[in-house]
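In what follows, a single structure is set out as structure tokens and then discussed.
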Amino acid sequence: MKLLVTGGAGYIGSVCAARLLEAGNEVAVLDDLSTGHRDAVPDEAEFIEGDVAEQADAVLSRGFDGVLHFAAKSLVGESMQDPGKYWHGNVLTSVRLLDAMRTHGTPRLVFSSTAATYGEPEQVPITEDAPTRPTNTYGATKLAIDHAITSYAKAHGLAATSLRYFNVAGAFDRFGERHVTETHLIPLVLQVALGQREHVQIFGDDYPTSDGTCVRDYIHVTDLAEAHLLAVAAAKPGTHGIFNLGNGTGFSVRQVIDACREITGHDIPAKLAERRGGDPAVLVASSAAAQRELGWQPKHPDLATMVGDAWTFVAGRAGN
Ligand code: UFG
């Protein structure tokens with residue numbers, strides 16, 4: 001298939017672009033490089049530098065079989081301080097993309113949605129029919145886009161899938177996580193092991209969990225990429241499928257730090273800090289629907305593999 005990957009210079013977009021190419025697809029990447037890196041775009045992909053809202057119409061006029069839409073603003077804290085950046089950058093941009101797809105008859109869409117659409121869960125593991133009450137603007141904008149996609153699919157016959165990612169980790173080949181502004185736990189912990197940071201902060205240890213720290217469901221980025229390949233193939237015209245992607249197992253912040261200590265052999269000092277606003281205590285996915293309907297089966301559910309692959313990636317880049 002001929003596929004457009006928006007945000008293909010970012011962490012998850014670049015891994016998915018690489019896997020789509022390996023699977024024999026033709027890939028064009030559209031990315032404004034506001035947070036992505038030019039050298040993260042796979043060599044075999046065509047690269048178009050530009051803003052999705054501005055370029056989608058011209059690019060899609062060339063005829064594509066589908067779009068995988070990763071390009072987004074994705075910092076939870078920033079979304080609370082500068083909501084306009086998220087409503088414009090995420091929602092308005094995505095609606096412009098949907099309009100361009102409609103104009104040019106692009107039949108398939110896979111969208112990067114998020115566990116943040118659910119907010120504080122009433123029950124874990126979280127299923128797709130759980131209430132969607134996002135606790136931050138980032139999650140609210142992704143939920144708004146999900147609603148827009150549902151209506152475009154129904155009205156205009158789009159074959160759409162939203163994949164709601166839980167906590168993505170690991171790396172694939174030369175593609176991995178390297179945000180200029182890093183807020184995520186595993187890369188921050190590994191920066192301590194690399195000597196780039198003195199200690200890691202633990203944001204609260206008084207949550208109702210086994211060791212008091214927040215519990216998250218980590219998913220290997222290659223397992224996530226596999227779900228995208230399956231979703232592109234399985235999408236049905238006029239329907240919008242929504243699937244959670246995680247492993248169904250939670251790890252606490254302390255367990256993640258311990259796994260990083262084991263993999264890196266570094267003692268990784270950790271200091272207790274205040275809770276971070278808006279953090280739910282436990283986020284664990286039920287991915288039963290993705291397994292049943294997409295035939296998705298995670299191959300790297302163990303935390304050690306995710307941390308190990310992330311470590312190989314960052315240590316390699318740091319020249320260790
Ligand atoms: N944490 C720390 N110290 C740090 C960084 C994080 O203790 O220095 C904690 C957080 O408080 C949280 C856990 O580690 O409890 C994981 O935090 P991340 O920032 O790595 O990930 P989040 O769970 O906050 O967010 C991730 C994605 C979001 C997405 C969300 C949905 O990064 O984009 O999952 O659950 F919205």
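The values are calculated or read from the model by the stated rules, or taken from the named source; none is laboratory data. The shown structure was predicted, so the numbers you read here are calculated from the model rather than taken from an experiment. Cβ atoms come from the backbone with ideal geometry, glycine included; neighbour counts cover every protein chain shown. Each accessible area value is taken on the protein alone, full model and side chains, heavy atoms only, with ligands, DNA and RNA left out. Shrake-Rupley method; radii C 1.70, N 1.55, O 1.52, S 1.80 Å.
Does residue 172 satisfy being in contact with a strand residue (DSSP E or B) (Cβ under 6 Å, 6 or more places away or on another chain) and either free of Cβ contacts under 8 Å to residues at least 40 places away in the same chain or of a type in the set (Phe, Trp, Tyr) (or both)?
Spelling it out, it is not the case that residue 172 is in contact with a strand residue (DSSP E or B) (Cβ under 6 Å, 6 or more places away or on another chain) and either free of Cβ contacts under 8 Å to residues at least 40 places away in the same chain or of a type in the set (Phe, Trp, Tyr) (or both).
How many of the residues in region 161-177 are hydrophobic (A, V, I, L, M, F, W, C) and under 8 Å from the mean Cα position of the chain (by Cα)?
2
Looking at (1) buried (at least 16 other Cβ atoms within 10 Å of the Cβ); (2) more than 14 Å from the ligand (Cβ to nearest atom); (3) of a type outside the set (Gly, Ala, Ser), can you tell me which one residue 237 breaks?
Result: residue 237 fails condition (1) only.
Could you figure out which of (1) closer than 25 Å to residue 66 by Cα; (2) in contact with a helix residue (DSSP H, G or I) (Cβ under 6 Å, 6 or more places away or on another chain) isn't true of residue 266?
Against the list (1) closer than 25 Å to residue 66 by Cα; (2) in contact with a helix residue (DSSP H, G or I) (Cβ under 6 Å, 6 or more places away or on another chain), residue 266 comes up short only on (1).
Could you please tell me which pairs satisfy a Cβ distance under 8 Å, a separation of 6+ or placement on different chains, a first residue in region 276-289 that is at positive phi, and a second residue that is near the ligand (Cβ under 9 Å from one of its atoms)?
Matching pairs, first to second residue: 278/76; 278/136.
Condition check: crowded, with 24+ Cβ neighbours inside 10 Å and at pLDDT 95 or above. Does residue 150 satisfy that?
no
Is it the case, given these coordinates, that residue 108 is open to solvent by 50 Å² or more (accessible area, probe 1.4 Å), farther than 23 Å from residue 219 by Cα and among the basic types (Lys, Arg)?
For residue 108, the condition - open to solvent by 50 Å² or more (accessible area, probe 1.4 Å), farther than 23 Å from residue 219 by Cα and among the basic types (Lys, Arg) - is met.
Scan region 98-115 and tell me whether some residue there is assigned to a helix (DSSP H, G or I) and within 16 Å of the ligand (Cβ to nearest atom). Full working, then the answer.
The first filter runs over region 98-115 and keeps only residues assigned to a helix (DSSP H, G or I), leaving 98-104, 115.
Going one step further and asking which of them are within 16 Å of the ligand (Cβ to nearest atom), we end up with 115.
Looking for residues that are assigned to a helix (DSSP H, G or I) and within 16 Å of the ligand (Cβ to nearest atom), one finds at least one in region 98-115, hence yes.
Being in a helix (DSSP H, G or I), more than 9 Å from the ligand (Cβ to nearest atom), without any contact (Cβ under 8 Å) to a residue 60 or more places away in the chain and open to solvent by 30 Å² or more (accessible area, probe 1.4 Å): is that true of residue 262 here?
yes
How about region 153-201: which of its residues are open to solvent by 60 Å² or more (accessible area, probe 1.4 Å) and not in a loop (DSSP other than H, G, I, E, B)?
Once the filter is applied, which keeps residues that are open to solvent by 60 Å² or more (accessible area, probe 1.4 Å) and not in a loop (DSSP other than H, G, I, E, B), region 153-201 yields 154, 155, 156, 201.
This table checks each residue for (1) closer than 21 Å to residue 226 by Cα; (2) in contact (Cβ under 8 Å) with a residue 24 or more places away in the chain.
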residue	(1), (2)
39	no, no
53	no, yes
57	no, yes
65	yes, yes
68	yes, yes
75	no, yes
82	no, no
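Going by the conditions given, is residue 210 at pLDDT 95 or above, in a strand (DSSP E or B), within 15 Å of the ligand (Cβ to nearest atom) and of a type in the set (Gly, Ala, Ser)?
Working: at pLDDT 95 or above: yes; in a strand (DSSP E or B): no; within 15 Å of the ligand (Cβ to nearest atom): yes; of a type in the set (Gly, Ala, Ser): yes.
Taking the combined requirement at face value, the residue does not satisfy it.
Tell me which of these residue 141 doesn't satisfy, since it passes every other one: (1) open to solvent by 30 Å² or more (accessible area, probe 1.4 Å); (2) among the polar types (S, T, N, Q); (3) within 14 Å of the ligand (Cβ to nearest atom).
(1)
Can you go through 281, 273 and tell me which one is within 14 Å of the ligand (Cβ to nearest atom) and in contact with a Pro (Cβ under 6 Å, 6 or more places away or on another chain)?
Sole residue among the options that is within 14 Å of the ligand (Cβ to nearest atom) and in contact with a Pro (Cβ under 6 Å, 6 or more places away or on another chain): 281.
Being open to solvent by 30 Å² or more (accessible area, probe 1.4 Å) and either closer than 19 Å to residue 116 by Cβ or not in a loop (DSSP other than H, G, I, E, B) (or both) narrows it down to one residue among 297, 255; which is it?
The match here is 255.
Can you tell me which residues in region 219-252 are in a strand (DSSP E or B) and of a type outside the set (Phe, Trp, Tyr)? Spell out how you get there, then give the answer.
Taking region 219-252 and keeping what is in a strand (DSSP E or B), we get 219-220, 240-245, 251-252.
Selection gives 219, 220, 240, 241, 242, 244, 245, 252.
Checking residue 192 against (1) within 9 Å of the ligand (Cβ to nearest atom); (2) over 28 Å from residue 295 (Cβ atoms): exactly one of these is not met. Which one?
It is condition (1) that residue 192 fails.
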